[in-house]
Amino acid sequence: MSVLDKQGAAASEQTDPASASDDAGGPDGSKAPAEHRRAGRRGLPLLLNTVSVTLGITLWWALAAAGFKLPTPPEVVSRAGTLIENGRSARTSSPA
C-alpha cells in the first residue's frame, strides 16, 4: 500500500465511522468490500499498459509502411525466430 493509500484510508476512517462497520465483511472479519475495490483499481494500469503497447506497435507499423527505414513488426518477429533457431547473431561470421 502506498503512502497516499494509507493517508486516504486513515482519512476515511476518521471522517466516516459508520463505514467501519460496512468494511467488517463476513463473520471471520475479512474485508471483502475493500478487497473488491482494490481489485477494480488493478484493472486500470493493465488497460493503460495494453493500450500503450498497442499504440506503440501501431505507430511503428505505420512509420514502416510510410517509407521510413524500419522493419515491420512481423519481419522483426520472423528474424528473431531465425536467430533463436540458429543460436547466433546474423552478423557473426562463420567459424574458420
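Any read-out appearing in this document is the output of simple, stated calculations on the displayed coordinates, not a laboratory observation. Every value quoted in this text rests on a predicted model; they were computed, and no experiment measured them.
Brief remarks follow.
- Contour minus Cα-Cα distance for Ala64 and Ile84 (0.36 nm per residue): 4.8 nm
- Given their separation in residues at 0.36 nm each and the Cα-Cα distance between them, Val77 and Ile57 gain 6.0 nm when the chain is fully extended.
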